[in-house]
Structures are given as C-alpha cells and as structure tokens.
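The values are calculated or read from the model by the stated rules, or taken from the named source; none is laboratory data. Computed from a predicted structure; not experimentally measured. Don't worry about glycine lacking a Cβ; one is built from the backbone with ideal geometry, like all the others, and counts go over all protein chains shown.
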Amino acid sequence: MASPTLGRYNSPPFVFSYSDRIYPMNIRELLNQKVLNAMAAVGVPSDLPALIAPSKKAGFGDYQANCAMGAAKAMGTNPRELATKIVAALDLEGIAEKIEIAGPGFINIDLKPEWLGEQIAKAQRDARLQVEQVSSPQNVVIDYSGPNLAKEMHVGHLRSTIIGDSLARLLEFQGHNVIRQNHVGDWGTQFGMLIAELEEQLGAKGDEAMALKDLEVFYQQAKKHFDDDEAFANKAREYVVRLQSGDAQMLKLWEQFKTSSLHHSTEIYQQLNVTLKDTDVRGESFYNNDLAPVVKELQNQGLAVESDGAQVVFLQELADKEGNPSPMIIQKQGGGFLYATTDLAALRYRVNTLKANRIMYFIDARQSLHMQQVFTLSRNAKFVDESVSLEHLAFGTMMGSDGKPFKTRTGGTVKLAELLTEAVERAGALVSEKNPDLPSDEIAEISRKVGIGSVKYADLCKTRTNDYIFSWESMLSFEGNTAPYLQYAFTRVQSIFRKAGVTPESLTNAIIIGTEQEKTLAIKLLQFSEVLDQVAREAMPHLLCTYLYEIASLYMTFYEACPILKDGIEADVRDSRLRLCHLVARTIQQGLELLGIEVMERM
RNA sequence: GCACCCGUAGCUCAGCUGGAUAGAGUAGCGGCUUCCGAAGCCGUUGGUCACAGGUUCGAAUCCUGUCGGGUGCGCCA
C-alpha cells in the first residue's frame with residue numbers, strides 16, 4: 001500500500017503487470033495508467049499527472065482526464081491539439097465506447113456497458129466485492145475513545161469512539177494489522193478522592209457494584225464530600241500519595257473502582273456495537289514506570305530544562321511570530337508528572353513494543369497544540385523514527401441546536417447511556433407505527449439497530465474536523481442522508497429476493513447494462529474500493545457515508561425506472577437486474593459494517 | 001497578544017490532486033400508488049461561496065489582508 005501521507009491524492013506512479021494482480025484496479029487507477037501511457041507516447045514529461053476524475057455532469061462522459069491543459073502549458077503547446085494527440089495514442093479498446101475532447105481540452109471518456117457489466121459480475125461473485133487486500137500491511141495503532149474512568153461516559157466521548165472504531169474496522173478490512181488502544185483516564189489526583197469515598201461507602205453499602213451503580217452520582221458525592229469535609233479532603237490527598245507510592249490497600253481499592261467503571265464502559269461499547277474489548281485498555285497508569293525515565297532521557301539530551309522548579313521543554317519548531325518557543329511542561333515542581341509525560345511514554349510503548357508504523361489519535365481538536373507538542377518532541381528526542389506516521393485526527397465539538405456545546409436542559413453533560421436509550425425508544429416508536437404487524441421481538445431488534453445506527457451515522461456523516469449540531473429531528477426523521485434510509489434500501493433488496501424466490505448465488509447470467517440508470521448505478525458501485533482507499537488515507541468516514549447514500553439514492557432511482565419482477569420483463573433482464581440489486585445490498589451492508597452499523601431483513 | 005479551526009441556499013451540510021453551468025438533504029410549492037415496500041420517486045423555487053486584493057487559460061478550493069464566530073496558549077487531563 002502507498003505511504004500514509006495524508007491530505008493529497010498521489011497519482012499512483014507504480015508500475016505493474018496486470019496479470020500479476022488477483023484483483024483488477026479500480027476504474028480510476030486503470031484510466032490513470034492508460035492515460036499516463038498515452039501521455040508518455042506523445043512526449044509529455046512523465047512527472048505530469050493524468051488528472052482522472054469521475055465527471056460531475058451528465059454529458060461530460062463518465063470519467064474525464066484533465067491533463068491536457070496543464071501539460072500544454074508546461075510544454076508551450078496548444079491544449080486542444082495536445083488532447084487530440086493523447087486521445088489518438090490512448091488505448092481503451094474494450095473499456096470505453098467513446099472518447100471526446102471538449103472545451104479547452106477536457107478529455108471525456110464514456111465507458112462501455114459490456115465492460116461495466118463484466119466488472120459488476122466479478123464484484124457480485126467476489127466475497128470481498130473486488131476490494132483488494134493491501135500487499136504490505138502496516139501495524140496501525142489506533143488511539144480512541146479514552147474515557148475518564150472517574151466519570152460516566154458522556155456525549156463528549158461519542159465522536160472519538162465511533163469514528164475511531166470505524167477506521168479500525170476499515171483498516172482491518174483492507175488487511176492492516178490494527179492495534180486498538182483505549183487510553184482510559186485511570187490516574188491522577190481525583191482518584192484519591194474517589195477511593196476514599198469508595199472505602200467509606202463499602203462499609204455502608206456492602207460491595208462496590210452497589211456503591212458504583214451510578215458513577216455520576218458517586219462522583220458528585222465524593223466531590224461534595226471533598227469540598228465540605230476538611231478531614232475527608234485531607235484523607236483524599238493522603239490516599240493519592242499512598243496510591244502513587246504503591247500502597248497495597250490503596251491499589252486494591254483503586255482496582256475495584258477501575259474494574260467497576262470499566263464494566264460500565266464495556267456495556268456502552270456493546271450497546272454501541274463498538275469493537276473495543278477490555279484487552280484493548282492501556283490506561284494512563286500503564287505507563288507509570290516509564291515517566292521518570294522519559295524525563296531523565298529528555299534531561300540527558302539537553303531538551304528538558306528547569307524553569308520555575310518544573311521541567312520544561314521549549315519547542316522552537318512551534319514558536320510564534322516573535323520567535324518565542326512553545327513551552328511544554330513534562331514535570332511539575334514537586335515532581336509530579338503530567339499527561340504530556342504519559343503521552344510520550346505511551347508513544348515509546350507503541351513504537352518500541354507494538355512496532356507501530358502508523359499511529360492514529362482520534363482526539364478532540366482542542367488538544368491540537370498538545371498533540372503537536374508531543375509529536376514534535378518525540379521526533380526531536382528520537383523516540384519515534386521518521387518512518388512512523390503520527391496523526392492527530394482531530395474532530396470538532398458536538399453542539400446543541402443553540403450552537404453551544406451539547407448539554408442537558410439543566411446544563412449538565414448528557415450521559416451516553418441515556419442518549420442511546422432515547423435513540424432506541426424513538427426508533428421503536430417509529431418502527432411500530434410504520435410496521436405494527438411485526439412480532440415484538442423483531443421490532444425490538446430493529447429499533448435497536450435503527451436507533452443506534454442513527455446516532456452513529458449522524459456523527460460519521462459529518463466532516464470530522466468541523467463542529468456539528470446534534471439534532472434528534474434530523475437524525476431520526478429517517479429522511480435524507482441517514483442510517484435508516486440506507487437500511488431501508490437494504491431491506492428493499494431483501495424483499496425483492498424474497499418475492500423472486502431465488503438465491504443470489506444461483507444467478508450466473510450476464511449482466512446487461514441497458515439503461516442510463518443501470519449504467520450510473522454500475523459505475524458508482526465500481527468505485528467502492530476508491531472510496532475506501534481515500535477514507536483510509538484521510539481518516540474521513542463521511543466520504544464513505546456520502547458514497548453509500550449515493551448508492552442507495554441511485555438504487556431507488558433505478559428501482560423506479562427499471563422493473564424487475566413485473567410482467568413482460570425477460571428472464572435475462574430480470575436476472576441481470578437481480579444481480580445488480582444484490583451487489584447494491586452487499587455494498588451497503590459491507591459499507592455500513594465498516595461504519596459499525598447493522599442491517600436487517602425487514603423494517 | 002499569539003496560535004489553530006471555521007464562514008457555501010431559510011436550516012443542516014457536501015464540494016476529492018485548482019477544472020466545464022457550485023451540489024445534496026430538509027423546509028416551501030406541484031406531481032406520482034389498479035404495478036417489485038410511498039421510511040419512496042419525479043419536477044420546481046432558493047446562493048455576491050463573509051469581504052477585498054493577488055497568483056493563472058481557469059479559484060468555493062492556493063497566497064495576503066480585513067471583518068465575524070469558535071477553540072487553545074508553563075505546573076488539570
């Protein structure tokens with residue numbers, strides 16, 4: 001696979017023989033190669049790109065090559081004449097049915113329906129939908145979710161959890177070795193307060209499961225206790241010290257607390273259909289033993305210096321206009337460590353022990369400066385080799401309809417558990433209304449898949465880096481670009497096969513691309529792997545959402561225009577269209593699975 | 001003060017390495033069901049791409065500046 005360079009599309013310069021490949025290239029790659037060959041044949045310098053893109057408008061072909069204008073400029077010739085030469089040298093025998101030059105030198109390519117039919121047939125038969133496995137898998141560490149165990153999971157954890165999980169699924173599907181890392185907050189001063197509270201409540205309430213039944217309440221009790229009771233506050237402070245020095249009794253309480261809190265998170269993950277397991281947890285405390293060595297190492301390298309009693313690294317790379325370096329505290333006065341230190345230690349673990357080639361952090365955009373500091377320092381200190389890709393894949397904040405951070409009516413944080421429950425309930429009301437005859441257990445399952453899917457999709461389909469507005473109305477209205485629309489498209493295909501009484505596997509006839517609707521749909525279906533590549537490269541799941549919505553939408557259009565099981569439809573046309581339907585369903589199912597969203601037979 | 005992100009239709013958002021007449025959804029308006037699931041489809045109204053310069057065959061996209069909104073900036077994570 002190509003290097004994980006982000007942010008730009010690298011026209012593939014690689015050369016290979018077609019017969020060596022198990023899977024064919026996608027359309028874009030194929031045309032890119034063909035046009036590059038033609039360009040070379042007419043003397044265009046080899047560093048100039050072919051600029052292949054799907055055409056945006058009907059009438060401009062299916063694909064277009066925009067290379068002629070730029071190349072003519074570089075060569076000092078006329079763009080239309082150059083385009084004419086390129087087209088003359090362009091060999092698309094059997095692939096394209098028409099190649100035209102338009103405007104200043106656009107090359108418009110119309111693909112051959114027979115060729116498209118063959119490609120669709122291959123994809124429909126293929127277990128991987130013609131999505132190639134990467135030839136050289138990377139070790140990809142994905143840092144996501146990372147809730148604070150001191151508190152209950154709230155909406156602020158949703159984006160990291162959902163987006164990170166989607167990328168984990170996607171990269172795994174492409175054949176990479178994905179290593180999930182749940183960097184939970186399980187260390188710090190607040191744990192003194194929490195275990196002191198736990199100790200007291202254990203006497204009164206028996207076991208920790210009872211005491212920690214509601215983490216949020218528990219935290220508030222502890223906080224209030226801490227604020228109101230000086231003796232308790234002193235005890236909490238003492239407990240922190242004892243905990244951090246390895247006191248056995250403190251560690252036991254701390255473990256009890258962690259186990260109970262983690263159980264809560266795991267329940268949320270299951271409810272959310274997120275693939276994180278307890279074994280993926282590497283909390284802050286995991287790196288405690290490496291914190292002092294990290295500081296020591298940075299001191300030895302002369303990178304860390306004392307400033308006001310603290311150990312600070314000044315980063316010239318991140319200096320402002322006046323040249324003032326960016327300060328980064330790695331050890332407090334008094335000796336305590338900070339999360340910067342922990343992140344550096346975690347980075348060393350990921351590189352040295354996990355052998356990461358690519359490390360992806362799905363963390364709030366507000367921590368951009370911090371991540372930049374960590375990355376810069378880790379390079380300077382040679383903790384991380386240049387060959388390892390470090391990526392902070394920032395995301396925006398979830399806002400309420402008022403445009404301010406999403407809160408409850410009373411101004412508190414919204415618990416994830418309650419949000420998900422409400423989503424399932426709202427979905428349930430709609431499903432029962434639309435389809436009251438379904439058995440109640442099936443309604444329950446559909447409601448769960450639709451409700452959870454709606455919440456996840458609403459998040460995933462927005463550009464990752466922007467803030468987004470959370471709205472029950474738009475996500476559960478079930479209209480437009482939503483999870484239910486995609487799920488609905490899937491059930492309609494299933495419905496057709498039920499009605500037809502045939503299994504998709506039994507269909508082996510040729511696929512006939514006979515109408516505009518079939519052609520448009522076919523081309524879109526064949527772009528699946530292109531989209532996955534781009535999502536993997538840029539960590540932008542919304543591109544996959546947009547793609548799946550286009551598939552579903554084109555399918556609806558096709559469905560209206562191209563009858564399948566109706567009277568007067570010839571058997572070969574019917575079977576061809578059924579195969580096309582089947583590929584639609586499988587593409588939607590596979591795409592949604594990569595987003596962590598489930599489908600159902602009917603809804 | 002400095003740094004980063006953002007500003008596109010009434011609302012929510014796309015717009016891919018700069019490409020042709022800036023696209024969806026929703027809201028509004030008008031149609032479609034003796035016919036494969038109407039959670040659907042078709043049509044239509046609606047934009048000075050915040051503003052001003054610059055780069056060039058071509059700019060929503062790249063550069064500079066201005067205005068407006070958000071976030072962050074040495075001992076929380």
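Things to note:
- Helices (runs of 4 or more DSSP H) wholly inside region A:177-280 containing at least 1 residues that are within 16 Å of RNA strand B (Cβ to nearest atom) and at pLDDT 90 or above: A:190-205, A:215-228, A:230-244, A:248-272
- Some residue of region A:189-208 being within 40 Å of the chain's Cα centre (by Cα), surrounded by fewer than 17 Cβ atoms within 10 Å (Cβ to Cβ), assigned by TED's automatic domain parsing to the domain that holds residue A:258 and more than 24 Å from residue A:412 (Cβ to Cβ): yes
- Residue match in region A:251-265 (condition: farther than 13 Å from residue A:195 by Cβ and of a type in the set (Asp, Glu)): no
- The number of residues in region A:454-488 that are buried (at least 18 other Cβ atoms within 10 Å of the Cβ), near RNA strand B (Cβ under 8 Å from one of its atoms) and small (Gly, Ala, Ser) comes to 0.
- Matching entry among A:322, A:317, A:284 (being more than 33 Å from the chain's Cα centre (by Cα) and farther than 30 Å from residue A:453 by Cα): A:322
- In region A:40-66, the residues that are over 28 Å from residue A:134 (Cα atoms) and either within 8 Å of RNA strand B (Cβ to nearest atom) or crowded, with 18+ Cβ neighbours inside 10 Å (or both): A:44, A:56, A:57, A:59, A:60, A:61, A:66
- Pair list, Cβ < 6 Å and 6+ apart or interchain, from region A:297-326 residues that are closer than 18 Å to residue A:379 by Cα to residues that are more than 12 Å from RNA strand B (Cβ to nearest atom) and modelled with pLDDT under 95: A:325/A:316
- Unique residue being part of a helix (DSSP H, G or I), surrounded by 20 or more Cβ atoms within 10 Å (Cβ to Cβ) and within 13 Å of RNA strand B (Cβ to nearest atom) when the list is A:559, A:555: A:555
- Single unsatisfied condition, residue A:432 versus (1) of a type in the set (S, T, N, Q); (2) touching a residue at least 24 places away in the same chain (Cβ under 8 Å); (3) farther than 30 Å from residue A:213 by Cβ: (2)
- Candidates A:523, A:564, A:569: the one that is away from RNA strand B (no atom under 11 Å from the Cβ) and aliphatic (A, V, I, L, M) is A:523.
- Helices (runs of 4 or more DSSP H) wholly inside region A:443-527 that include at least 2 residues being closer than 26 Å to residue A:572 by Cβ: A:483-500, A:516-525
- Residue within region A:494-512 that is within 11 Å of RNA strand B (Cβ to nearest atom), of a type in the set (D, E, K, R) and within 29 Å of residue A:133 (Cβ to Cβ) present: no
- Filtered residues of region A:362-395 (kept if aromatic (Phe, Trp, Tyr) and outside any strand (DSSP E or B)): A:362, A:375, A:383
- Filter pass, residue A:359 being crowded, with 16+ Cβ neighbours inside 10 Å, outside any loop (DSSP other than H, G, I, E, B), near RNA strand B (Cβ under 7 Å from one of its atoms) and not small (Gly, Ala, Ser): no
- Residue among A:340, A:345, A:310, A:292 that is over 30 Å from residue A:138 (Cβ atoms) and under 35 Å from the mean Cα position of the chain (by Cα): A:292
- Within the span defined as region A:441-453, every residue fails to be surrounded by fewer than 18 Cβ atoms within 10 Å (Cβ to Cβ), within 10 Å of RNA strand B (Cβ to nearest atom) and polar (S, T, N, Q).
- The strands (runs of 3 or more DSSP E) located wholly in region A:80-166 that include 1 or more residues which are within 20 Å of residue A:513 (Cα to Cα) occupy A:96-102, A:106-111.
- Selection within region A:544-576 - in contact with a Ser or Thr (Cβ under 9 Å, 6 or more places away or on another chain) and either free of Cβ contacts under 8 Å to residues at least 24 places away in the same chain or β-branched (Val, Ile, Thr) (or both): A:551, A:557
- Test: residue A:464 is in contact with a strand residue (DSSP E or B) (Cβ under 8 Å, 6 or more places away or on another chain) and touching a residue at least 40 places away in the same chain (Cβ under 8 Å): yes
- Residue within region A:413-422 that is basic (Lys, Arg), more than 8 Å from RNA strand B (Cβ to nearest atom) and surrounded by 18 or more Cβ atoms within 10 Å (Cβ to Cβ) present: yes
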